[in-house]
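The values are calculated or read from the model by the stated rules, or taken from the named source; none is laboratory data. Remember, it's a predicted structure, so these values are computed and weren't measured experimentally. Cβ atoms come from the backbone with ideal geometry, glycine included; neighbour counts cover every protein chain shown. The area values use the complete protein model at the heavy-atom level, side chains included, leaving out ligands, DNA and RNA. Shrake-Rupley method; radii C 1.70, N 1.55, O 1.52, S 1.80 Å.
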Amino acid sequence: MSADTHATPDLGLPEQEAKPNAKGNNKTRKKKLTAHRAAYLIHSFIGLKLSLLFSVVLITGTLAVFAEELDWLFYSEVRVEAQGEKLNSGEVFDRMKEQMPGVGLTAFSTANDRQYTAANAIMTLPDGGFKKVWVDPYTGEVQGTTNFLTVGEFMSILHKNLFMPLIGRAVVNVFGVLCLIGLVTGLISYRKFWKQFFKFPRWNANPRVFLGDLHKFLGLWSLWFVLIIGVTGSWWFYQNPLVNYGVAPQFLPERTIDPALTKHDLKALGKGIPTPLSSKEIIEAVQEHDPEFIPHFLNPPEHNGMAYTIHGTKHDLLTMKWGSSYFVNPYTGEVIGAKLAKDAPAISRVDWSMRPLHYGTFGYDGFWDLFVKTVWFIFGLAMSILSVSGMIIFYQRTKSATKKAVNSGRVQGKIKKAWLIMRPWGGPMSGFKYLNWAFLTVICIGISIGFKLQSEGTSGSGYQYKAQDVGPWNISLNATLGLLEKDLDPIQAGRTTTLNAFIHEGNPEAIKFMYVKVGKPRTKRAPGAVLHGSVGNQHAHTPIPKTVKEGAELWLTIESWDGEFYQTAWSLMPDGNATVDLREEQAANTPTSKNEISG
Amino acid sequence: MNLIKNMRAKLALVVMSLLSAKAFAHYPILNCKLGSNPESPSEVVCEASFSNLAKAPNVIMEVYSEDDELISEGHTDDNSIYTFERPDGVYFIIMDAGPGHVLEISDEEVVEI
């Protein structure tokens, strides 16, 4: 703080102490470090050093309360007219699939808690991008598609992780802790705050006084809300970064694996190609098993060893609407497992309650949903104003202090002013201004990449393993490190690569399992990483050994429903024949490229 | 440029993790170490888990020799751990967590401490 007070003599002082005394004597009294003053200094410090980022987090969080409603307003595809009874939500998903044959559709969101909102699924584009498809839950008619990053989704992601790679979520969680510290120090520094609830802001006073009053007034009335946001944010801060980076011990129960099909379940299906039940039949099976369960998300199995998963709610206190799940055998409709909120340990329930409390979603549906969200929005706005007004108050104090400091010639004054703003010490943010700017720059880059991601696939990138006959099928593979890593070498020792499979000929339904592995599988029992995913997005996460031997091969193994195994192999690394580096091919096709010969 | 590429890679993880709240496939992971227990340095300790950070207790574990002879078999314990004496020569460890979730690693992937 000494750096702050260096250029701005009245900074960091409680207002009462900073004012000139009654005789007009401007000489500041010698300040004692009382609890009030210490709290005030901390309060100003946390409110200012990262104030730009803090404001971004608070404002986007406030807008994200209405993420769903914003999408409803922005996109006609999302709006539906309520007409009679809704169809069984599984049937809505079935009808969507019928209208979009050959398209990979997953993560169906039923909108069962909404009257005028369309249901949606995520559509995987053949080249790796994705979109949202919207369907009328009353008629089952597809209404159209929107980008994955809708306005609401954009706000939610920006608030959750600032579009910042890896550390974004941890950075946001830091602000949860700062909220709590701000709350406590704000109260300590505000003398007799309990008597000030009805001290209304002085509207007629000069803007600086008014802002100060407003800051205190809003701060007092939103105490309970700042507490909720602070506690939930700090709870998550404990998990990420503290637990994530091994600084603190985990106290939550370990994750358990979802129930899946057993060998016995698959054997019972016989040797023919089995027909899975429709989503409608799956939902009926779940509703028969548990009539009180309301399905919200439908996840069809991604490979034949997985269950059909239905996430939903039984309205347990402070849980999200996908807090309970049923796992169903996709061929028989037998419920093979459940993870219900009522069975969860108390500590998990406490953990889960953080989301509805933080996001204000515990109103669930109808009037109460909008009511709670409106309250959350208003107080979110109040918190945003607290942050922005705190920032303005301090900037104005700095400005007046700077004016006093800069009284020399015009040009010289300007240079001095610029220096005062740019230099890494002094001013409300001191060296932290660079951190704020750096973070904002990273956020902007992240956002632009995020938008690219949803439309840009991996086609034409990575290594292509050219189409080969494998038994009755004709299959090619494509290796990339991931959606956004298409410019990198897809095969890197010790890293996991993503292999996409494309079935050009043959019946995909006849495949029980399809595996890929670097090196010839030693046994049919473990032929490698299983390919999974929706139609058009069949992929496997394949570990590449730490040392890739020369002449290594990539093996594809298919196990058919009739119990036969079929295998083929490609050279793992490009050989210019069956395996090609598509990036080099692309470069070779570009006349200005320097890599013309290397393809 | 490398920094941006690296960032893109990491952002992909972030965005995919947002989707993965709804996408739910996972693959088995075996983390095996030799010599982690100073009292029995020839013991191989394997921890079984899944890519979604879930542990894998009570899954079938088998160890085979180069000639495909079964050397050791059992299940992971409540802490998802399976231990066995290191056999001579080349060996393979299988983790069988059900259809589509079977993984085999060779002794080359066992980390020596």
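At-a-glance table
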| quantity | calculated |
| --- | --- |
| Fraction of alpha-carbon pairs over 12 Å apart in the stretch A:468-517 - percent | 68 percent |
| Backbone HN-Hα couplings from phi across the stretch A:298-314 [Karplus 6.51/-1.76/1.60, Hz, Gly and Pro as x] | 10, 10, x, x, 8, 8, 6, x, 9, 8, 7, 9, 10, 9, x, 9, 10 |
| The stretch A:519-587: trypsin sites (Lys or Arg not before Pro) in DSSP loop, at most 14 other beta carbons within 10 Å | A:Lys524, A:Arg525, A:Lys546, A:Lys549 |
| Residues of type aspartates and glutamates that A:Lys131 reaches as a straight line, Cα spacing below 13 Å, ignoring anything fewer than 8 places off in the same chain | A:Glu77, A:Glu153, A:Glu456 |
| Cβ crowding within 10 Å averaged over residues, with A:297-304, A:130-137 ranked highest first | A:130-137, A:297-304 |
| Nearest-20 debye value, the stretch B:24-112 charge dipole, Cβ charges on Lys, Arg, Asp, Glu | 540 debye |
| Loop-located GluC sites (Glu not before Pro) in the stretch B:27-74, at most 12 other Cβ atoms within 10 Å (DSSP) | B:Glu39, B:Glu69 |
| Computed lengthening from A:Thr139 to A:Gln83, 0.36 nm per intervening residue step minus Cα-Cα distance | 19.3 nm |
| Among A:Val133, A:Gly90, A:Gln143 - extreme Cα towards positive end, dipole of the stretch A:76-149, charges at beta-carbon | A:Val133 |
| Span from the the stretch A:197-261 Cα centroid across to the the stretch A:107-132 one, whole angstrom | 31 Å |
| Summed buried accessible surface, chains B and A, 1.4 Å probe, nearest 100 Å² | 4200 Å² |
| Per principal axis, descending, Cα span of the stretch A:463-589 in whole Å | 43, 30, 26 |
| Rounded to whole Hz, the Karplus (6.51, -1.76, 1.60) HN-Hα couplings of the stretch A:221-237, x for glycine and proline | 6, 9, 3, 4, 6, 4, 4, 4, 5, x, 5, 5, x, 5, 4, 6, 4 |
| Protection-proxy order for peptides A:508-516, A:288-296, A:47-55, A:344-352, each taking the mean of Cβ atoms within 10 Å per residue, highest first | A:47-55, A:508-516, A:288-296, A:344-352 |
| Long-range tail of P(r) for the stretch A:76-149 (Cα pairs > 16 Å, %) | 40 percent |
| Theoretical gain in end-to-end length, A:Gln396 to A:Phe451 [0.36 nm per residue, Cα-Cα removed] | 16.1 nm |
| Span from the the stretch A:508-540 Cα centroid across to the the stretch A:50-79 one, whole angstrom | 41 Å |
| Residue among A:Phe327, A:Ser278, A:Met306 farthest towards the positive dipole end of the stretch A:263-344, charges placed on Cβ | A:Met306 |
